[in-house]
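Visitor: Starting off with a structure, shown below.
Values in this text are rule-based calculations from the coordinates and carry no lab data. On a predicted model such as this, the values are computed, not experimentally measured, just so you know. Cβ placement follows ideal geometry from the backbone for every residue including glycine, while neighbour counts extend to all protein chains displayed.
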Amino acid sequence: MWSVIKSVLAALIGVQSDFQRQQDFSSGKPTTFILVAILVTLIFVLLLMVVANMAAR
Amino acid sequence: MHSPWRWLLPISFISTAAQAQSSGWNMPVGVTDISRDIYGLHMTIFWICVVIGLIVFGVMFYSLFRYRHSKGAKPATFHEHTTVEVLWTAIPVLILVGMAVPATATLKNMYDTSEAELDVMIIGQQWRWRYEYLGEDVAFNSSMSTPWEQIRGEEARDEHYLLDVDEPLVLPINRKVRFLMTSDDVIHSWWVPDLAVKQDTIPGFINENWVQINEPGIYRGQCAELCGVNHGFMPVVVHAVEEEEFEIWLAERKEAAEQEAMGVDREWELDELMARGEPVYRAICASCHQADGQGAPPAFPALVNNDQLIDDLDWHIDRILNGVSGTAMPAFRNTLNPVEIAAVVTYTRNAWDSDTGDAIQPAAIAEKIVQ
């Protein structure tokens with residue numbers, strides 16, 4: 001699971017090592033990545049909202 | 001600036017001190033706290049860009065020279081370097097966040113129009129500005145005063161060519177003034193660089209902005225949104241004065257407005273109306289219908305030898321009160337007072353070759369406006 005999250009975070013900033021990429025493609029299921037990615041994106045949006053609200057105060 | 005992020009702008013202090021007087025190459029430092037903040041941000045970000053540029057191009061040109069082919073340099077062949085990639089992603093993010101924090105603080109301050117001590121409505125019109133001091137019963141139009149002879153090249157241009165008006169916007173210093181900005185026709189933009197205000201005036205919307213001017217002076221600007229043929233001929237002039245001077249000016253304007261209102265009821269002589277009408281004509285009408293009344297047909301009809309205008313007084317007055325839809329002729333029922341309308345109608349019916357002898361009475365116009 002941790003390696004999935006790490007890969008999603010890496011994708012978020014667009015940096016990934018070739019070794020990790022090969023591993024993800026040989027062992028993981030696409031659905032896990034998609035679900036985790038959606039979740040991480042939601043958390044990112046919420047984070048931005050919190051920051052924006054803090055700035056607006 | 002009252003922002004806690006001021007410490008992030010150390011470089012701006014140096015450059016502001018060195019550049020207190022505008023060189024003409026850079027944006028002006030301006031005369032409000034906001035304009036100084038904006039200038040500071042601009043200089044900080046400029047220097048950040050300079051440093052990044054020096055580092056990036058320095059490394060690039062050094063590498064080009066040091067490892068050139070003629071010295072037998074062999075290229076390294078590797079596919080990736082995660083550490084370097086993370087670094088060159090993380091550093092720009094940090095730089096961007098570092099710039100966003102003080103920029104957002106300034107932006108927040110710019111949008112805070114609360115607790116203003118004076119409200120001024122700014123209305124864009126083709127092609128002049130109208131200023132209304134809300135709650136003070138003072139309102140006037142501000143038209144370009146550069147003579148058309150200068151624009152046509154028949155006279156030498158003066159110092160403030162295209163940047164002078166008949167009636168500047170007068171504002172007090174050290175007081176927070178809120179602007180409520182809208183337009184009667186198309187989108188204009190009220191822009192005064194020294195005040196760091198550039199705000200669109202949009203028909204049907206009211207945009208807000210504010211200034212608190214620190215130094216008395218005359219600040220000039222222009223319309224910054226293409227608004228028709230005379231877009232270049234609707235400058236902005238702000239006259240910032242000491243607070244006491246402003247109070248005196250405001251009281252004088254109020255009294256003049258009252259005098260004018262009282263003048264509506266009395267009988268006016270033809271000469272009086274002509275004298276009052278000429279400056280109104282020059283300020284309001286001449287930009288389209290020309291100082292000699294010849295107009296610029298077919299867009300702007302001539303007023304001299306215009307049979308319909310001479311024969312039908314009611315039609316003539318109706319044009320001015322209500323405008324002509326689908327053309328550049330605006331309605332003046334709300335922007336000129338009865339005395340001004342009566343005077344300018346009288347003027348156009350008696351100036352040049354038109355000698356109708358009609359002396360239109362302000363009282364008659366006031367009646368029509370009410371209808």
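Visitor: Putting +1 on Lys and Arg Cβ atoms and -1 on Asp and Glu Cβ atoms, find which of B:GLN294, B:ASN230, B:VAL211 reaches farthest to the positive end of the dipole of the protein assembly as shown.
Guide: Final value for the positive-end residue is B:VAL211.
Visitor: Additional query: Stretch B:ARG175-B:THR82 to full length: gain in nm at 0.36 nm per residue minus the Cα-Cα span?
Guide: Value of the extension gain: 27.9 nm.
Visitor: If I require 15 Å or longer along the helix axis, counting alpha carbons, and a Kyte-Doolittle average no lower than 1.0, what helices from chain A are left? Use full DSSP H segments.
Guide: A:2-13, A:30-56
Visitor: What angle, in degrees between 0 and 90 and rounded to the nearest 10, separates the Cα long axis of helix B:338-350 from the longest principal axis of the Cα atoms of chain B?
Guide: The angle comes out at about 70 degrees.
Visitor: Angle check, please: helix B:243-263 long axis (alpha carbons) against the longest principal axis of chain B (alpha carbons), in degrees 0 to 90, nearest 10.
Guide: That helix lies at roughly 30 degrees to the long axis.
Visitor: Taking the Cα centre as origin and putting +1 on Lys and Arg beta-carbons and -1 on Asp and Glu beta-carbons, what dipole magnitude results for chain B, to the nearest 20 debye?
Guide: With only Lys, Arg, Asp and Glu charged at Cβ, the dipole is about 3220 debye.
Visitor: Cα extents of the stretch B:117-257 along the three principal axes, largest first, in whole Å?
Guide: That works out to 43, 34, 30 Å along the principal axes.
Visitor: What number in nm² do you get for chain B if you take the convex hull of its Cα atoms and divide its surface by four?
Guide: Here the figure is 27.6 nm², rounded to one decimal.
Visitor: Determine by what factor the alpha-carbon radius of gyration of the protein assembly as shown differs from 2.2 N^0.38 Å, reporting the quotient.
Guide: Compared with the compact-globule rule of thumb, the protein assembly as shown sits at 1.41.
Visitor: Put +1 on the Cβ of each Lys and Arg and -1 on the Cβ of each Asp and Glu in chain B; which of B:TRP352, B:LEU162, B:GLN308 then has its Cα farthest toward the positive end of the dipole?
Guide: Farthest towards the positive pole: B:LEU162.
Visitor: For a label point 7 angstrom out from the Cα of A:ASP18 toward its Cβ, which stretches of the stretch B:77-113 have the backbone nitrogen within less than 12 Å?
Guide: Only B:77-82 pass the distance filter.
Visitor: Setting aside same-chain residues fewer than 8 positions from B:LYS254, which lysines have a Cα under 23 Å from its Cα?
Guide: Cross-link targets: B:LYS176.
Visitor: Taking the Cα centre of the stretch B:138-252 as origin, sum charge times position over the Cβ atoms of Lys and Arg (+1) and Asp and Glu (-1), and report the length of that vector in debye to the nearest 20.
Guide: It comes to approximately 500 debye.
Visitor: Mean separation of Cα pairs under 8 Å and 6+ residues apart, divided by the residue count of chain B: what relative contact order is that in percent?
Guide: Computed over chain B, the figure is 13 percent.
Visitor: Can I ask one more? For the stretch B:32-158, take every pair of Cα atoms, bin their distances at 10 Å starting from 0, and report each bin as a whole percent.
Guide: 9, 17, 19, 17, 15, 11, 9, 2, 0
Visitor: Treat every Asp and Glu Cβ in the stretch B:43-184 as -1 and every Lys and Arg Cβ as +1, leave all other atoms uncharged, and give the resulting dipole magnitude about the Cα centre to the nearest 20 debye.
Guide: 1580
Visitor: Report, as a whole number in µm² per second, the diffusion coefficient that Stokes-Einstein gives for the stretch B:269-371 at 20 °C and 1.002 mPa s using the Kirkwood radius over alpha carbon pairs.
Guide: Estimated diffusion coefficient is 159 µm²/s.
Visitor: Of the listed peptides B:193-206, B:72-85, what is their order by residue-averaged count of other C-beta atoms within 10 Å, with the highest listed first?
Guide: The packing order, highest mean first, is B:193-206, B:72-85.
Visitor: Taking only the Cα atoms of chain A, how large is their convex hull per residue, in Å³?
Guide: Roughly 73 Å³ of hull volume per residue.
Visitor: Next up: For the pair B:LEU64 and A:THR31, what calculated FRET efficiency results from E = 1/(1 + (r/R0)^6), where r is the Cβ-Cβ distance and R0 = 45 Å, to the nearest 0.05?
Guide: 0.40
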